[in-house]
Amino acid sequence: MSRIAIVSADRVKAARRYGIIASLFPIDFLDVKGLASSPVHPGTVLIVDFLGLNEDDVQSLKAALDSGSKLSISVLDQRNRKQVFQAHEFGCQKLVDRRESLSVLLATLREAVGDYYKPNLSTDFPEDIRKALDGACRTLATVSLSAVLGRDLPIAKLTDAARSVTETIAKEGVGAWLEAAQAHHSHNYRHILLVTGHAVSFASDLGLSKEQQMLVALSALVHDLGKVRIPLSILDKPGRPTTKEQAFIKRHPEFTREILKTNKTLPKAVVDVAVWHHEMLDGTGYPDGLKGDEIPFLVRMLTLSDIFAGLTENKGGKDGMSPRQAIQEMAKMPEKLDANLFKVFKKSVLDTGYGRIRRKKMQKVAI
């Protein structure tokens, strides 16, 4: 995926205006005056908002373009002949009028760089795995867009994706699903897919019915819904988030609650998971500090899968922990996690053999 940057006269105002775009693509926001000291990386898909640019700003932009950057998309007032002329002079052919909705810019950006959600899986993976994973990612992208635009969530599509994932894992095995998930270029998508795989497999080992397993899959797919309000440039950054970024990320269950206030069609059990999957039995979790029996069964299940996925997934070019190492870390949290469920979960990821086999294969396919 190409790097994407939006250059404007005011980076803060641009971040507010293009926040929806930043939740669907990893965007860097740059002040045009800072281009001289911080040149744009070659190969970056460069979007320039011409609103408020003066002659000095245009010269700064020209210098950046002369150094090897390429202007891909111009956002401007198409009634302003000067702006249109300057955009063409800089070699930009894709012009978006500022009076258009952001959906027009989003469509233009997708045309330039492709869909960020798309996994790039090799044909080594079974066709059913590739199809189910692509469908899950496509659905997650649609859900994200609906959430940031304040639209009703596509529950039917989510249900279909959950059913497809559940049936595919039952047929092909969870190991194949997890290998494919680890190959996704986006940490955010990768995490959701891994949690979903672990949760569905765990539900099966607990003896839950097919319909209950599908409910678990649905819960896992939306468990991080609130992260749509966090720019992907933060969620997918290679290094460790800053303290400020970590505090922002930690608010995602609150954002989830706000999003779902007007979406009444999801089952309550699914909403509970989305809002409470970071709650701990000893009351040290968030956002509500629930304790013990206040935390529903399905939430406790997903919490185990979420923590395990976070410990074992690859990020920033580094391998995560082995399944055994992750279980050892989780064993240090007896007061926080459900002991009976953890016992089954441990057996699920260590004794079935897929953990050891999966680990060896993942290192070959991880991006």
**Q.** Residue satisfying all of: in the stretch 1-49; of a type in the set (Val, Ile, Thr) and more than 20 Å from Ala63 (Cβ to Cβ); most open to solvent (accessible area, probe 1.4 Å) among these
**A.** Val12
(Q) Looking at the stretch 207-227, can you tell me whether even one residue there is at pLDDT below 95, over 26 Å from His187 (Cα atoms), touching an Asp or Glu at 6+ places or on another chain (Cβ under 9 Å) and assigned to a loop (DSSP other than H, G, I, E, B)? (A) no
Q. Tally time: how many residues in the stretch 61-95 are surrounded by fewer than 20 Cβ atoms within 10 Å (Cβ to Cβ) and small (Gly, Ala, Ser)?
A. 4
Q. Only one of these conditions is not met by Ala112: (1) touching a residue at least 60 places away in the same chain (Cβ under 8 Å); (2) in a loop (DSSP other than H, G, I, E, B); (3) open to solvent by 40 Å² or more (accessible area, probe 1.4 Å). Which number is it?
A. (2)
Q. Among Gly283, Gly355, Gly310, which is closer than 24 Å to Gly207 by Cα and either assigned to a helix (DSSP H, G or I) or modelled with pLDDT of 95 or more (or both)?
A. Gly355
Q.
Can you confirm whether Ala147 is open to solvent by less than 30 Å² (accessible area, probe 1.4 Å), in contact with a Gly (Cβ under 8 Å, 6 or more places away or on another chain), among the hydrophobic types (A, V, I, L, M, F, W, C) and within 25 Å of Pro253 (Cβ to Cβ)?
A. no
**Q.** Elements of type strands (runs of 3 or more DSSP E) in the stretch 1-91, at least 1 residues being under 30 Å from Ser146 (Cβ atoms) and without any contact (Cβ under 8 Å) to a residue 40 or more places away in the chain
**A.** 27-31, 70-76
Q. So Ala181 fits all but one of (1) buried (at least 22 other Cβ atoms within 10 Å of the Cβ); (2) more than 18 Å from the chain's Cα centre (by Cα); what number is the exception?
A. (2)
Q | Residues within the stretch 261-300 that are open to solvent by less than 40 Å² (accessible area, probe 1.4 Å) and in contact (Cβ under 8 Å) with a residue 60 or more places away in the chain, tallied | A | 3
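The values are calculated or read from the model by the stated rules, or taken from the named source; none is laboratory data. Note that the structure is a prediction, hence the values are computed from the model and not measured. All Cβ positions, even for glycine, are placed from backbone atoms using ideal geometry, and neighbour counts span all protein chains on display. Heavy atoms of the whole protein, side chains included, go into the accessibility calculation; ligands, DNA and RNA do not. Shrake-Rupley method; radii C 1.70, N 1.55, O 1.52, S 1.80 Å.
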